[in-house]
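Please read the structure below before turning to the comments.
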Amino acid sequence: MPTWTALTHLQGREAAEGLAEACEDLDPEPVGTGVFEIEDGSDRWEVGVYFTDPPDEIALALLAAAHAAQPFAISELPEVDWVAHVRRELTPVEAGRFFVHGAHDADRVPEGSEALLIEAAMAFGTGHHDTTRGCLLALDRMIGDGETPERVADIGCGTAVLAMAAARVLPGVVLASDIDPVAVETAQANVIANGLAGRVECVMAEGFGHPLLHDAGPYDLVFANILKQPLIELAPDMARHLAPGGKAILSGILVGQAEDVAAAYAEAGVPLQRRDDLGEWATLVVGRPAEG
């Protein structure tokens, strides 16, 4: 089945979300819409609209003009099995003791490693991105230093690779949340596929906004591999949900954005403890001071 995409960009998250919502009333009706931050610190956002029938170009042009967006770029995509394509392209990733792989590379798992099976899927977080790898390396380093946090959460979990990594090496149940229902379903399937049912619980929530997440805190360790602005907005809530001495591993941050994120967490009472850069991406470890 052919697929058409219509892509534009505009200033501000709220404006982009408003345009995406307006596109849902188009005829023919799109099969999906998406809003993505253009990660260059400019607060510009991309809106993508996807169709299985040719879209109404005039209606799209009018919507773009009404929402002060750039004209939509419309294109027809070739019929490609993208999941099969990604499987071929993805190679296993080693991050300390962790080995992230697809089923097609199960025979390459090194002896003694903590293997995580993550297939190509609709949600983000295969473990092949430097943001995820940076978080896994930070966790590996903490375990190597003898730290054993008991209450752990993964905020914006994607496919739950970080939550599952924590469940493999730490005691207790790890909570994983995401605002995307597809991500939560994917995370739940991955938890079962990795034999971690009962060790990782997945819920749909924005930030800590779920009773299960609220009641299980305060946390000794929180992962948040999302984006700069959501991380900054999360800082005060993170401070409230971290236990004294608790740490958060943050990523989804471009190197040039790291200082702004670190400053927001320091202001919230969760100062920077360590920063590591992998390529264009930074991983921050921040922590609440221990009492006494």
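The values are calculated or read from the model by the stated rules, or taken from the named source; none is laboratory data. Everything quoted here is computed from the prediction, not taken from an experiment. Note: ideal-geometry Cβ built from the backbone for every residue, glycine included; neighbour counts use all protein chains shown. Note: accessible area is taken over every heavy atom of the protein model, side chains too, but ligands, DNA and RNA are not part of it. Shrake-Rupley method; radii C 1.70, N 1.55, O 1.52, S 1.80 Å.
Structure data summary
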item	result
Structure-based [θ]222 nm, the chain - -39500 (n - 2.57) summed over DSSP H runs of at least 4, per residue, nearest 500	-10000 deg cm²/dmol
FRET efficiency, residue 169 to residue 24 (Cβ-Cβ, R0 51 Å, nearest 0.05)	0.75
Distance between modelled label sites at residue 145 and residue 260, nm, 7 Å Cα→Cβ extension	2.7
The stretch 152-179 residues near the modelled residue 204 label - backbone nitrogen below 12 Å, point 7 Å along Cα→Cβ	178-179
Of all DSSP beta bridges in the chain, antiparallel share, percent nearest 5	60
Charge dipole (the stretch 135-292, unit charges on Cβ, about Cα centre) - positive-most of 232, 183, 165	165
List 24, 14, ordered by accessible area with a 1.4 Å probe, largest first	14, 24
Where labels lie 7 Å past Cα in the beta-carbon direction, separation of residue 3 and residue 76 in nm	1.6
Residue-count net charge about residue 143 - beta-carbon cut-off 11 Å; Lys, Arg +1, Asp, Glu -1	-1
Prolate/oblate/rounded call for the stretch 131-222, Cα gyration tensor, a/c under 1.5 rounded	prolate
Anisotropy class of the stretch 166-268 from Cα gyration tensor, a/c 1.5 cut	prolate
Nitroxide proxy distance, nm - points 7 Å out along Cα→Cβ at residue 43 and residue 65	2.7
Computed over the chain: relative contact order in percent, which uses C-alpha pairs under 8 Å that are six or more apart	13
Nearest-20 debye value, the chain charge dipole, Cβ charges on Lys, Arg, Asp, Glu	1200
Helix 258-267 vs. the chain, principal-axis angle (Cα, 0 to 90°, nearest 10)	60
Packing-based ranking, highest mean first, of 130-140, 209-219, 177-187 given that Cβ atoms within 10 Å are counted	130-140, 177-187, 209-219
Theoretical gain in end-to-end length, residue 276 to residue 36 [0.36 nm per residue, Cα-Cα removed]	83.9 nm
Alpha carbon Rg of the chain, scaled by the compact-globule rule 2.2 N^0.38 Å	1.05
